[in-house]
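See below for the structure under consideration.
No lab work stands behind these numbers, since they all come straight from the coordinates. Because the structure is a prediction, the values reported are computed rather than measured. Cβ atoms come from the backbone with ideal geometry, glycine included; neighbour counts cover every protein chain shown.
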Amino acid sequence: MTLSKVQNTDCGHCARVVICNGLGLHLRPASQLVKLASKFEQCEVTLTKNGQTINAKSIMGVIMLAAEQGSEILIEARGDGSADAVSSLVAMVESGFGET
Amino acid sequence: MTGEPSTTNAWHGIPVSPGIQIGKLYIYDPAQTTISRRFIRRDEIELEKSRLADALGKARESLLELRQKVLQSLDEAHASIFDPQLMLLDDPLLLSRTNERIEEQQQNAAMAFMSVIQQFADQFASLTTDSYIAGRKVDIMDLGKRVSQLLASSDPELKTLQFTEDVIVLASDMSPSDTAQMDHQHVKGFATELGGPTSHSAILAKALEIPAVVGLGRVLHEARQGQLAIIDGYEGQIIVDPDSRELARAKSRRRRHLVYERELQKLRTLPAETVDGFRVELSANVELPIEIPHVLAHGAEGVGLFRTEFQYMDRAGLPTEEDLFSVYRKVVESVSPHPVIFRTIDLGGDKLSTNLAPTREVNPFMGLRAIRLCLAHPGVFKTQIRALLRASAYGRARIMFPMISSVREVMQAKAILEEICEDLRREGLPFDEDIQIGIMIEIPSAAVCADTLAREVDFFSIGTNDLIQYTLAVDRGNEQVASLYDPFHPAILRLIRTTIDAAHREGIWVGLCGEVAANPLCALLLVGLGINELSMGALAIPEIKRLIRGIRLADARRITEEIYSLRTSSDIHAYVREAYRGIQRQRRKSPIVGTS
């Protein structure tokens, strides 16, 4: 998918993804995402949807983004390991959070 | 039992745990919890920030401790109710926003924290129509209260849930951690404005055997802290500031109930057998594993209906086979050597918190639910059947399919079951090869075709709650027609007779697991029809056992035969009531604990 290609930014990386799982960023997928983002301690990770940007390490932030199935979000990371952070988050979103 | 007192200081709710207690009210209103809000000086900012960090750390410790406690006494499913709060505690946004308020607006930590929590909770609740997410508002508020209590722990003004005298707790609702932290020594009753029979406080009260009434409606603002009150867990009533007449009545009722219950307890180990030797198995309906010790203590000879839905509700995603297996295994082991009938998922897809039911149904009661949902989504069903079969190796499990309307559905469900048995054999996993498979008879078509269904299964369980609703086309929840809901309707009694007779002709046993099992007059008729098992709320077991031990099968049969010539339910009801009184008069002198 061309949308989710990880790109370089000024001081990090970014990628656009479409939420594909049926529930959207419901509590369980949101908490999976927060846990993963929090692993990149040296990195600032944000999600942006419709111009609203939130900290990806905040469960409240992610849930308040209210990203439903089909919505497009921008994942950005700055700092050490930003390429890694973006690509692993993209992979998680695209896997549909293991939803069946 | 007796007439309602004509007082305006009485509130009625749902009785969830029996008993009568008199005590001082403790009104527990988290919204009113005194938070020492104040603005601070510039030089206090750092101190407040470190007090906040400290309180957050302590809150995490206490949550982990609570989680551990619940895990040890219950299971992972219950313990995980604390997880959303733990995750919130680690939210960087929570910390940064609170610190912002401390620094910029010079609010003290408690005030800043509660403001942020309130904002979060409001946003959360308004964000979505998804009840699972919206319901987490309770978790956020619970967390807010926990942390602000820690922040103010040095403040002697702040109320905690520790008591020095006996109290009746009156609350809007109780969160899981409120209930778990409650000082059980002094809490003699629970009463809540919200909540139903399966709310946390209801279940805990039942397990602790203290009276509880839920669903009282608006009462908190009508009562005052420390007022005397009577809680009546039989009638589901709370009387605030009772007069001397009401107090005397409560005391004498309490004495009578205690004597009566002590009598009934003596029946615990005796069988439910008529005077002329007809044996009925009395078992219990169970919602949550935590109820099992309580159920056995009331003399249940097994679980006649284990509702498996709780593991699917109020959670995100579906439970895994291991989640299910560990609970089923525990249940089977704790009830052993008695049997447990597990009813497979009896829900509509909307309750499953997955996307199994993408469309809203206009009439969910007649929609894709229970066995229909399971056959349409065999993956979910197979996981449950595997877990059930694996658990059957550890005691006596039985499997029951709900909402069967035709033989075809039974054959489909059995084919899936057989397939899984084959898998387990191949994998070398043990299970009970002779496990009994049964169905609920709760749809009129199943009762009518009971003869052909009986050839497919090992037992029937008549689910009267739904059978009555479907047969009479009455929604019990609709108060405009609720009065038409009637277990004594001739059509219901005919369907029940058809079902029992068909089962016996095919050599299988029949139970009944609706509310009518706990109704003495219905139980009398069912015995007369030759029912083999009655499953009910555990509290009713001693009473029904007493009834069965006091009658002859021959008398019950005679009464039952008579009712089929009567035309209206009121005639039937009156006839059975009179006939039963006659039996009681005859046997008045005989003790309830007879040696028959």
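Observations on the model:
- Quarter of the Cα convex hull surface for chain A, i.e. its orientation-mean projected area (nm²): 5.5
- Most tightly packed first, judged by the mean number of other beta-carbon atoms within 10 Å of their residues, the peptides A:41-47, B:381-387 read B:381-387, A:41-47.
- Pairwise FRET efficiency - B:Ser73 versus B:Asp241, Cβ, R0 = 41 Å, nearest 0.05: 0.65
- Each residue in B:Val407, B:Val516 was given a count of other beta-carbon atoms within 10 angstrom of its own, and listing them fewest first yields B:Val407, B:Val516.
- Between A:Glu68 and B:Phe39, the modelled label-to-label distance comes to 4.3 nm, taking each label 7 Å out from Cα in the direction of the beta carbon.
- 17 Å reach of a label modelled at B:Glu361, 7 Å along Cα-to-Cβ, counting backbone N of segment B:397-417: B:401-406, B:409-410
- Chain B: angle of helix B:490-505 to the longest principal axis, Cα-based, in degrees nearest 10: 70
- Angle between chain B longest axis and helix B:92-104 axis [Cα atoms, degrees, rounded to 10]: 40
- Segment B:365-381 residues near the modelled B:Asp475 label - backbone nitrogen below 14 Å, point 7 Å along Cα→Cβ: B:365-367
- Residues whose amide H comes within less than 5 Å of that of B:Ser17, counting only those at least five positions distant or on another chain, are B:Ala212 (H built at 1.01 Å from N in the peptide plane).
- Value of [θ]222 nm, deg cm²/dmol, for chain B, DSSP H segments ≥ 4, -39500 (n - 2.57) each, nearest 500: -14500 deg cm²/dmol
- 26 Å Cα-Cα threshold exceeded, pairs from B:Lys24/B:Lys206; B:Lys188/B:Lys251; B:Lys69/B:Lys330; B:Lys206/B:Lys545; B:Lys69/B:Lys206; B:Lys69/B:Lys251: B:Lys69/B:Lys251
- Taking B:Arg41, B:Arg97 and counting other C-beta atoms within 10 Å, the order from fewest to most: B:Arg41, B:Arg97
- Between A:Lys39 and B:Ala491, the C-beta separation translates, for a Förster distance of 60 Å, into a calculated FRET efficiency of about 0.40.
- For the protein assembly as shown, the Kirkwood hydrodynamic radius comes to 28.4 Å, computed from all pairs of different C-alpha atoms.
- Cα-based helix-to-principal-axis angle, A:27-39 vs chain A, degrees rounded to 10: 10
- Distance between modelled label sites at A:Thr53 and B:Lys266, nm, 7 Å Cα→Cβ extension: 7.9
- Shape analysis of segment B:417-500 based on the Cα gyration tensor places the equivalent ellipsoid semi-axes at 35, 15, 9 Å, largest first.
- In this structure the amide hydrogen of B:Asp241, modeled in the peptide plane, comes within under 5 Å of the amide hydrogens of B:Leu228, B:Ala229, B:Ile230, none closer than 5 places in sequence on its chain.
- Number of Lys-Lys pairs in segment A:1-78 with C-alpha atoms under 21 Å apart and a separation of 8 or more places or on different chains: 5.
- Neighbour counts of C-beta atoms inside 10 Å place B:Lys58, A:Lys57 in the sequence B:Lys58, A:Lys57, starting with the fewest.
- Mean partner shielding of peptide A:20-28, defined as the number of other chain Cβ atoms within 10 Å of each residue Cβ, is 4.
- Loop-exposed GluC sites (Glu not before Pro) per DSSP, neighbour cap 14 Cβ within 10 angstrom, longest uninterrupted part of chain B: B:1-156
- Positive-pole candidate from B:Tyr575, B:Tyr564, B:Ala554, dipole of segment B:535-587, charges at beta carbon: B:Ala554
- Over the C-alpha atoms of segment B:518-563, the Rg to Rh ratio, Rh being the Kirkwood estimate, stands at 0.96.
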